[in-house]
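A short write-up of the structure that comes next.
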Amino acid sequence: MIKYSVMKRLAQQNRKIKIIVLTIVTALYFVGLAVLYAVNTHFSALTDAPAVKQGTTDYKDIDRNGRRTAITLSGEWEFFYNRHIITDGDGGAPDGYLSVPSKWTGKIFNGKKAARSGYASYRLTVKNIKAGEVVTCFSDNSTVALRIFVNGKLCSESGVVGKTADTSVSGQAERIDFVVSDGGDIIVVLETGYTSSGGLAHAPCLSSAMSPNPYWIFLERMVTVALGLILGLFLASVVVTLAFRKYESDGSAPVLIGMLSLHFLFSKDVTKALGLYGYGAVWIPALLTGALTITVFTWRILFLYGGVKTPLAVALGAIRLGAAVSYGILYGTSYALIPALIFLFSSFATLYPLLNSKLRMPYKIVYTLVYFMTVCILTLEVADGAGLLMFGTEYIFTLLLLVPIIAQVVLTVLQLNEKRTKLLRIRVLEAELEASKQKALLLQIKPHFVFNSLTAIQAQYRKDSSAGDIALENFAHFLRANIDAVEGKETIPFDEEVQNVLRYFELQNLRADGALTLLLDLDETAFEVPALSLQPFVENAVKHSGIESAEDGRITLSSKHTKNGILVKITDNGVGFDSDAPHEGVGIRNTAERLSRLSNAEVRIKSAIGSGTEIEILFPAEKQGGSI
């Protein structure tokens, strides 16, 4: 009762700890969301950037010396729906104002609701630029085809800007030219190609420096290095799992690392480094691989550590995948946030089952942190894809994604090594247990047999001293064979086992005054058998067959080669027994188990009342190359 009370108290304490940890993690997540919202809301004030309102921003009081050279132009721009005002020379009035970044989908312009698909122009007047200042404008993060003009001069272009889905091809941004300001105002115009994303997810930047920043060049190169590192880690995880496949029950470790690596490939920085960023909505495959990553993570927790019930795992997986697909369908509309939030909160729901799993505490904490960090990265990616992040996210995803990938690889190696060590320890214990069983089976030289043998040898000395010497020598060899079997090899040549049987039989014959007969018919002897594995069957025949009192009683030991292996028979023509009735003693049963365990041999016993007994021991053919 006291033990049950202690266990119950410990369970309650563990439950409280899990709830506390989950509460802290949840609080950190939502505090992070609140901080993210605050940063976006007050981004201009935090970065000392001028406000962008109703298509105008003023740089009069902005000191561009001693500060970063690029300023994000987020805010209200003049908006021209399905119009290219520079390329087509459209000097008409704007259709209204639209925040950048944001979606035009569903907004009312000139009394009409804008569709998700289409193209557009954005215009911004930047006032009070100093004379002689070098100015350019670019948008490295754009996922749509985009042209950017400053004072009518093309400064940056990404992809092929067309007015239909067939003519507009998005691609990686390329900075083309810059403008030397004459002082006063400059006009920045963005022209987007045809897109179904419903607007811009990122605001462009106004820059006064044309020379590349060595820091950003270094980070861009590090992305390529990180890509090679991730691919190497993934291949290493596959190799390690294959090498330790006996200890990895479902192979989910390399799959999980592969999903993380695949998600890494769809991150913004990697797709930009590969020249793929902007070709379609990269956020959609990124979110799909994120959903698969979380699903595999849940699967791993479910089947390896019992933290998630199967119905819950299936339900959460279906919700996440459905949300990811819905996000792809609704991408470009404000409704896309709904499946995105469902995806994130369903992913967050796996945290409690993870804390409730059978993982040991150090691994549980690390797995929880890795999982939590993965969910946070997905949150940032969703927010970035939806245009909710005003600040630049260059290299954030890449650097953050390295952490869970490397952590997962290290965890996999450590856990596989731990499983391997544990299994080896179990095997050592099993081997020690097996050795103990073998010694217990072999140490069955019964005291009454020793007493009877010594009494018979003493009587033999009285009759004939030379015969007594032979009998004593047989007895010494028999004892020696038993001791060697305990301390030596598990298997011995068949010839040696036959000699042990003969010595035992001679000692028994001393007691029976030569009334016992043993016949040998050995066609095959070149194989090995467990030590003292035949003697118990012969002993059983001597004791229970009744051949000692029979007129022509005999025991026959034979061996021959068959198509299935080597067949050893021990037969007697004694009284026999009913083979349907229980008949096996402990000694016979233990010997049969030893033969099966050490030589994979099969023991069959045939008998009938009045017809003797036949014991067949079949040593399979595949064992004949060495010890059977």
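The values are calculated or read from the model by the stated rules, or taken from the named source; none is laboratory data. None of these values were measured; they are calculated from a predicted model. Here the Cβ is made from the backbone with ideal geometry for all residues, glycine too, and neighbour counts use every protein chain on show. For accessibility, only protein heavy atoms count, side chains too; no ligands or nucleic acids. Shrake-Rupley method; radii C 1.70, N 1.55, O 1.52, S 1.80 Å.
Quick one: work out Rg over Rh on the C-alpha atoms of segment 86-128, Rh as Kirkwood radius.
Working: Rg = 11.9 Å, Rh = 12.1 Å.
Reported Rg/Rh (Cα atoms, Kirkwood Rh): 0.98.
Quick one: net charge of Y371's neighbours, Cβ under 14 Å, K/R +1, D/E -1?
Working: positive: R300, R320, K364; negative: none.
That works out to +3.
So if we plug the beta-carbon distance of V160 and A243 into 1/(1 + (r/R0)^6) with R0 = 45 Å, what FRET efficiency do we get, rounded to 0.05? Before the final figure, lay out the partial values.
Values: r = 49 Å, r/R0 = 1.08.
It comes to 0.40.
Which pairs break 20 Å Cα to Cα here: K60/K153; K358/K419; K18/K358; K16/K358? Don't skip to the answer; put the middle values down first.
Working: K60/K153 23 Å; K358/K419 14 Å; K18/K358 13 Å; K16/K358 16 Å.
As for pairs spanning more than 20 Å Cα to Cα, those are K60/K153.
Along the Cα→Cβ direction, 7 angstrom out, place labels at A459 and D495. What is the inter-label distance in nm?
That separation, rounded to one decimal, is 3.5 nm.
Would you mind counting up the charge near G118? Only other residues with Cβ under 11 Å from its Cβ, with Lys and Arg at +1 and Asp and Glu at -1.
Numbers: positive: R83, R116, K163; negative: none.
Once positives and negatives cancel, what remains is +3.
Hey, what's segment 463-562 come to in accessible area per residue, 1.4 Å probe, Å²? Don't skip to the answer; put the middle values down first.
Details: 4810 Å² over 100 residues.
I get 48 Å² per residue for this part.
Set the Förster radius R0 to 56 Å, insert the Cβ-Cβ distance between A515 and T421 as r into 1/(1 + (r/R0)^6), and round the FRET efficiency to 0.05.
0.40
What GluC sites (Glu not before Pro) does segment 52-144 have in DSSP loop regions with at most 10 other beta carbons within 10 Å? Before the final figure, lay out the partial values.
Numbers: sites: E76, E78, E133; in loops: E133.
Answer by residue number: there is no such site.
Could you look at segment 477-551 and say what percent of its accessible area is carbon and sulfur, using a 1.4 Å probe and all protein chains? Intermediate values should be presented prior to the final figure.
Details: 1540 of 3470 Å².
Roughly 44 percent, rounded to a whole number.
May I ask you to compute the full-extension gain from V403 to V31, defined as 0.36 nm times their residue separation minus their alpha-carbon distance, rounded to one decimal in nm?
Numbers: separation 372, 0.36 × 372 = 133.92 nm, distance 2.15 nm.
Difference between extended and current length: 131.8 nm.
Carbon and sulfur together cover what percent of the accessible area of segment 334-386 at a 1.4 Å probe radius? Spell out each step's value before the answer.
Working: 1600 of 2040 Å².
Taking all protein chains in place, segment 334-386 shows 78 percent carbon and sulfur surface.
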